[in-house]
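The values are calculated or read from the model by the stated rules, or taken from the named source; none is laboratory data. This one's a predicted model, so the numbers in the text were calculated from it and none came from an experiment. Glycine gets a Cβ as well: all are built from the backbone with ideal geometry, and neighbour counts include every protein chain shown.
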Amino acid sequence: MQVATLRSIADFYTRDINATIAEIRGATNNPATLNIPERVNGRTVTIPSSVTAIGRYAFWDCVSLQTVTFQSGSQLRTIYRGAFRHCINLTGFSIPSTVTYIGIYAFMDNRHMTSIHIPSGITAINHETFRGNYRLTAVSFASNSSLTRIGNSAFENSDLHTANIPAGVQTIGNFAFAYNRNLTAITFGNNSQLTSIGNFA
């Protein structure tokens, strides 16, 4: 049976079993049927280049998931709320440069993620996006970052050591960097546009 090109992984809940590898494949032959298995499980998931969105809670609570990779030429633009929430063993994740939106809770409670790079097209880090990532020691931003807002509790209870906030950021929400006990320095880009810092940020 032919399968259609996979464009969105939306509202697709995953749970862990004892499989070791799962790969979601996209086709290019444009048939009308898309066949998705009930579960995608394992330690490694490959997202095909044709996927443009990862839906709400798509990989939520996939506790054995360790690495997510993206095929070359990824067209991914959107990671919706909770997409990788509570993937407690996820260590390997590089956000494709094409992504422009990351929803709330998207990477919350990922206890083994140690670093993350925010691509240039993202304009906001929403509420609690990286909250509870208590091994997250480093966050970096593209040199031509479009970021304007860091939401409430965005990095709360992580382990950031330093943070270099892009010049375009205008607001930092409540508790944005709270309880990062090893945070020693926050710097701001030249000609910073910051106008608002929330309570206990």
Practice task
Please find, within the range 55-80, the residue that is surrounded by the fewest Cβ atoms within 10 Å (Cβ to Cβ) out of those that are at pLDDT below 95 and outside any loop (DSSP other than H, G, I, E, B).
Solution key: THR69
Exercise for the section: Report whether or not ALA22 is modelled with pLDDT under 90, among the small types (Gly, Ala, Ser), assigned to a loop (DSSP other than H, G, I, E, B) and farther than 19 Å from ARG131 by Cβ. Expected result: no
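Is it true that ASN152 is on the phi > 0 side of the Ramachandran plot and at pLDDT 95 or above? Let's see the steps before the verdict.
Details: on the phi > 0 side of the Ramachandran plot: no; at pLDDT 95 or above: yes.
Taking the combined requirement at face value, the residue does not satisfy it.
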Exercise for the section: Return a yes/no flag: does the range 33-51 have any residue that is in a loop (DSSP other than H, G, I, E, B), at pLDDT 90 or above and in contact with a strand residue (DSSP E or B) (Cβ under 8 Å, 6 or more places away or on another chain). Expected result: yes
Practice task
Please list, ordered by first then second residue, the pairs with beta carbon atoms under 6 Å, 6 or more apart or interchain, first in the range 159-176 and under 17 Å from GLY198 (Cβ atoms), second in a strand (DSSP E or B).
Solution key: ALA163/ILE186; ILE165/PHE188; THR171/ARG149; THR171/SER196; ILE172/ILE150; ILE172/ILE197; ALA176/ILE150
